[in-house]
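Visitor: Just dropping this structure here.
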Amino acid sequence: MNNYWRIGLLIGLLWQVPGGTLAQTTEQPSPENLAARTWFQDAKFGLFIHWGIYSVLGAGEWVMEERGTPSYTDRPGISVLHYDRLAEQFNPTEFDAREWVALAKAAGMKYITITSKHHDGFAMYDSALTDWDIVDRTPYGRDVLADLAEACREEGIKLFFYHSQLDWRHEDYFPRGRTGRQAGRPERGNWNTYIDFMNGQLRELLTNYGEIGGIWFDGMWDKWDAPWRLEETYALIHELQPQALIGSNHHLAPIPGEDFQMFERDLPGANSTGFNTTEIGTLPLETAETINRSWGF
């Protein structure tokens with residue numbers, strides 16, 4: 001396990017919870033999607049990995065929002081200008097995708113969910129839509145998602161991509177939400193341009209890495225009332241990969257187009273954290289837990 005801590009990630013655990021059925025609210029799921037839901041309901045146990053350039057500081061995945069810098073000594077947050085320097089130091093030369101997958105399989109896990117992009121906007125894969133990614137900005141220069149996807153296929157482990165809808169770096173994530181206000185971005189932007197960018201990155205993830213298990217969304221809670229164009233996004237995912245499951249950590253009741261409901265660090269319906277919904281839908285259920293106070297090292 002020491003190798004995993006050295007490269008700066010935190011392992012989370014994902015459990016399926018009995019009780020969800022295979023019905024959907026309004027959208028008619030495809031046969032492939034229904035079969036995938038059945039598999040997910042029975043999978044029971046998965047591995048959740050938060051890994052990014054924030055790992056360099058070893059202070060959690062929210063460090064851009066929560067840690068001050070010399071320019072912001074009187075308030076929290078790291079500006080885009082300063083945060084960029086972390087990418088220059090990210091060089092996980094001991095990364096071994098096969099070792100990670102073998103560890104998960106030996107533990108009885110059936111799937112792995114890994115961050116393709118967290119709230120800092122940094123893509124942990126080779127994106128053609130931005131150079132703010134692991135291949136273009138780090139000395140490591142390799143697409144770790146490609147390596148992990150290959151290792152998962154070899155071992156029969158399904159791979160899910162966590163993808164943040166919230167973006168503290170992108171200028172077009174505007175108007176700003178509840179977080180990311182100290183990033184030093186211009187106070188202007190075009191929201192629809194941002195959604196187009198996000199959907200473009202999702203298209204990359206759904207076409208360049210083979211068959212995946214699904215997309216694990218997070219961050220909609222930053223701007224619940226924003227025009228997220230979810231119907232378009234969800235349709236894109238199901239069009240490109242009909243079996244791909246969609247879940248969103250929006251802390252709300254399930255939205256049409258979603259295929260499973262997750263509860264962050266909580267039992268379904270309990271809301272012991274104060275931010276999860278108490279409403280349990282009819283979809284397969286998942287509860288996500290971390291082995292530390294944060295999701296990322």
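The values are calculated or read from the model by the stated rules, or taken from the named source; none is laboratory data. Please read all numbers here as calculations on a predicted model, not as lab measurements. Cβ placement follows ideal geometry from the backbone for every residue including glycine, while neighbour counts extend to all protein chains displayed.
Visitor: Looking for something part of a strand (DSSP E or B) and among the aromatic types (Phe, Trp, Tyr) - is there at least one such residue anywhere in region 138-160? Let's see the steps before the verdict.
Guide: Just the residues of region 138-160 that are part of a strand (DSSP E or B), to begin with: 158-160.
Cutting the leftovers down to among the aromatic types (Phe, Trp, Tyr) gives us 160.
Yes, because at least one residue in region 138-160 is part of a strand (DSSP E or B) and among the aromatic types (Phe, Trp, Tyr).
Visitor: Which strands (runs of 3 or more DSSP E) does region 212-297 wholly contain that include 3 or more residues that are crowded, with 19+ Cβ neighbours inside 10 Å and either in contact with a helix residue (DSSP H, G or I) (Cβ under 7 Å, 6 or more places away or on another chain) or among the hydrophobic types (A, V, I, L, M, F, W, C) (or both)?
Guide: On the way: elements: 214-218, 245-249, 261-264, 285-290.
Ranges flagged: 214-218, 245-249.
Visitor: Sort through 128, 102, 106, 146 and tell me the only one that's surrounded by fewer than 20 Cβ atoms within 10 Å (Cβ to Cβ), of a type in the set (A, V, I, L, M), farther than 19 Å from residue 169 by Cα and within 21 Å of the chain's Cα centre (by Cα). Lay out the reasoning, then the answer.
Guide: Details: 128 fails: farther than 19 Å from residue 169 by Cα; 102 fails: within 21 Å of the chain's Cα centre (by Cα); 106 fails: within 21 Å of the chain's Cα centre (by Cα).
None of the others qualify; the one that does is 146.
Visitor: Also, I was wondering about something else. Tally time: how many residues in region 186-210 are free of Cβ contacts under 8 Å to residues at least 60 places away in the same chain, loosely packed, with under 15 Cβ neighbours inside 10 Å and part of a loop (DSSP other than H, G, I, E, B)?
Guide: Selection size over region 186-210: 4.
To keep it simple, each residue is scored yes or no on (1) out of contact with any Phe, Trp or Tyr (no Cβ under 9 Å at 6 or more places or on another chain); (2) within 27 Å of residue 286 (Cβ to Cβ); (3) of a type outside the set (Val, Ile, Thr); (4) at pLDDT below 95.
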{"site": "165", "(1), (2), (3), (4)": "no, yes, yes, no"}
{"site": "173", "(1), (2), (3), (4)": "no, yes, yes, no"}
{"site": "196", "(1), (2), (3), (4)": "yes, no, yes, no"}
{"site": "211", "(1), (2), (3), (4)": "yes, yes, yes, no"}
{"site": "214", "(1), (2), (3), (4)": "no, yes, yes, no"}
{"site": "217", "(1), (2), (3), (4)": "no, yes, yes, no"}
{"site": "240", "(1), (2), (3), (4)": "yes, yes, yes, no"}
{"site": "252", "(1), (2), (3), (4)": "no, yes, yes, yes"}
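Visitor: Ok, one more. So, of the residues in region 149-179 that are in contact (Cβ under 8 Å) with a residue 60 or more places away in the chain and under 17 Å from residue 123 (Cβ atoms), which turns out to be nearest to the chain's Cα centre (by Cα)?
Guide: 162
Visitor: Also: Is there a residue being of a type outside the set (D, E, K, R), touching a His at 6+ places or on another chain (Cβ under 8 Å) and under 26 Å from residue 168 (Cα atoms) anywhere in region 235-255? First the steps, then the outcome.
Guide: Of all residues in region 235-255, those of a type outside the set (D, E, K, R) come to 235-238, 240-255.
In the following step, the residues that additionally are touching a His at 6+ places or on another chain (Cβ under 8 Å) were identified as 244, 246.
From what is left, the residues that are under 26 Å from residue 168 (Cα atoms) are 246.
Among the residues of region 235-255, at least one is of a type outside the set (D, E, K, R), touching a His at 6+ places or on another chain (Cβ under 8 Å) and under 26 Å from residue 168 (Cα atoms), which makes the answer yes.
Visitor: How many residues are buried (at least 19 other Cβ atoms within 10 Å of the Cβ) and either modelled with pLDDT of 50 or more or not hydrophobic (A, V, I, L, M, F, W, C) (or both) if we restrict to region 5-28?
Guide: 7
Visitor: With 146, 128 as the choices, which residue is touching a residue at least 24 places away in the same chain (Cβ under 8 Å), small (Gly, Ala, Ser) and farther than 24 Å from residue 248 by Cα?
Guide: Details: 146 fails: farther than 24 Å from residue 248 by Cα.
Being touching a residue at least 24 places away in the same chain (Cβ under 8 Å), small (Gly, Ala, Ser) and farther than 24 Å from residue 248 by Cα holds for just one of 146, 128, which is 128.
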